[in-house]
1. So who's got an amide H within less than 5 Å of the one on ARG390, skipping anything under 5 residues away but keeping other chains? H placed 1.01 Å off N, in plane.
2. At 7 Å along the Cα-to-beta-carbon direction for both SER74 and THR360, put a label point, then send me their distance in nm to one decimal.
3. Do any chymotrypsin sites (Phe, Trp or Tyr not before Pro) in segment 192-294 lie in a DSSP loop with no more than 15 other beta carbon atoms within 10 Å, and if so, which?
4. Note down the nm distance, to one decimal, between modelled labels 7 Å out along Cα→Cβ at LEU284 and at ILE329.
5. With springs only between Cα atoms under 10 Å apart, run a GNM on the chain and tell me which of HIS289, HIS118, HIS104 wobbles the most.
6. Provide the gained length on full extension for the span LYS23 to LEU296, in nm with one decimal, where the gain is 0.36 nm per separating residue minus the Cα-Cα distance.
7. Please give me the summed charge of the neighbours of LEU335: other residues whose Cβ is under 13 Å from its Cβ, Lys and Arg +1, Asp and Glu -1.
8. Let me check I've understood the local charge: for PRO157, count other residues with C-beta under 15 angstrom from its C-beta, Lys and Arg +1, Asp and Glu -1. What total comes out?
Amino acid sequence: MANSFFVLAGWLIDGTGKPPVQKVLFEVKDGNIASLDKYTGTEPDMAHLLDLSDCTLIPGLIDSHVHLFMSGTSNQAVRQNQLDSPFGKMKEIISRHLYQQLSHGVVAVRDGGDYAGHALRYKLQCLSLKPLPILIKSAGLAWHAPGRYGRLIGRPPLQWLSLAQAISQCEKNNDHVKIVNSGLNSLTEFGKVTRPQFSREELSAAVKTAKRFGLKTMVHANGVLPVKQAIEAGCHTIEHGFFMGKDNLKRLAEAGIIWVPTAFTMQAYYQSLGKGSVEKDMALRNLEHQLEQISLAMSYGVCIAVGSDCGSLGVHHGSSVKEELGLLIRAGMPLEEAIKCATLNGARALGLQGQTGSLTIGMPATFVAVKADPPGLYEAMGSPEKIFIRGEQWKKDHDDRQLYDLL
């Protein structure tokens with residue numbers, strides 16, 4: 001596109017939570033939005049007009065919880081291959097997953113860790129060689145307590161070190177710190193929770209240490225006590241938060257801590273498991289309970305960010321952001337608020353304010369055009385008409401499509 005051009009949007013959802021606006025004309029200059037006005041019927045120079053009057057425009061989407069080293073496939077041989085792959089092979093796998101994200105209009109992701117720090121190494125070493133216009137924030141390796149859940153995404157502190165000491169001594173190439181403070185949700189016993197992995201004092205010291213190095217903390221926590229401790233420790237985001245309860249939801253709102261519910265993980269389990277199994281029924285119950293918590297969170301004013309937890313079973317890169325959005329809407333969230341959770345709130349979770357998240361004057365022209373009106377937006381989101389990043393259209397390359405097909 002030209003250095004300066006106009007865009008005519010049929011409808012605009014700007015990411016701030018405002019309702020859709022019909023017929024909007026905005027100018028893009030040097031990759032940023034220079035003006036934004038209601039369309040009056042007077043068209044600018046047609047040579048510099050991008051006519052998207054049959055589309056709804058939204059900001060580029062953000063997935064606030066991903067695991068780039070794994071795909072959502074149910075093929076166990078493939079999943080094991082990904083767990084065993086050296087970095088030379090992992091580069092191709094991660095590139096494929098990033099391509100899938102971009103193909104669905106996802107322009108930024110926050111990685112929650114992997115056992116070897118592959119995603120962080122990819123960001124540091126490979127993006128300049130295989131340039132993809134997607135922003136990556138990576139934890140590297142997560143932290144978990146010795147003998148507790150988290151081996152696939154991280155490591156425990158060395159035996160003679162506290163969690164805070166371990167964070168202090170590790171390399172600081174990571175963008176944030178990921179801490180695991182509970183186990184997984186049970187698929188056999190409804191509402192069963194695990195004890196916290198760290199004490200409140202350990203978490204508080206870890207969060208303070210991370211802050212000293214300019215790093216925010218994302219905490220995996222399910223159940224009342226693990227979440228309560230993470231909130232009291234001053235973490236930046238709560239990941240998952242199943243069965244955290246009303247009081248913790250109120251605490252989140254009061255503290256201004258972001259919640260990333262990852263509800264689609266349970267729907268994906270439900271869709272993947274065999275009929276009549278206890279696990280299938282339990283996944284559905286877990287999902288329904290999480291939707292109830294999301295509804296309560298909205299009434300309390302909790303800041304929610306969309307995170308898919310892609311890489312989990314049945315949770316595919318890119319497409320699962322739409323699925324998570326759909327569950328927010330199912331919980332009673334208006335469309336424009338759900339879009340905010342996947343854009344502006346995601347930018348806040350990733351520390352990308354001012355770089356992406358809204359379509360307002362002065363912001364980069366990073367947007368997704370979907371060929372539908374707002375009532376039909378959700379159904380059509382899986383196949384964006386156009387994707388622009390900082391004023392440049394991103395186009396799928398035929399050879400890349402072959403390389404990045406889902407495993």
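Derivation of every value follows stated rules applied to the coordinates shown; laboratory data play no part. Computed from a prediction, not measured in an experiment: that's the story for all the values here. We place every Cβ from the backbone using ideal geometry, glycine too, and count neighbours over all the protein chains shown.
1. Distant-sequence amide H within range of ARG390: ALA365, THR366, PHE367.
2. Label at SER74, label at THR360, 4.3 nm between them.
3. For chymotrypsin sites (Phe, Trp or Tyr not before Pro) across segment 192-294 that sit outside H, G, I, E and B with at most 15 neighbouring Cβ atoms in 10 Å, the list reads PHE213.
4. Reported label-point gap for LEU284 and ILE329 is 2.3 nm.
5. HIS289
6. Values: separation 273, 0.36 × 273 = 98.28 nm, distance 3.43 nm.
Computed gain between LYS23 and LEU296 is 94.9 nm.
7. Numbers: positive: LYS18, LYS322, ARG330, LYS340; negative: ASP14, GLU336, GLU337, ASP373, GLU379.
In short, -1.
8. Details: positive: ARG148, ARG151, ARG155, LYS178; negative: GLU171, GLU201, GLU202.
Taking every Cβ under 15 Å from that of PRO157, the sum is +1.
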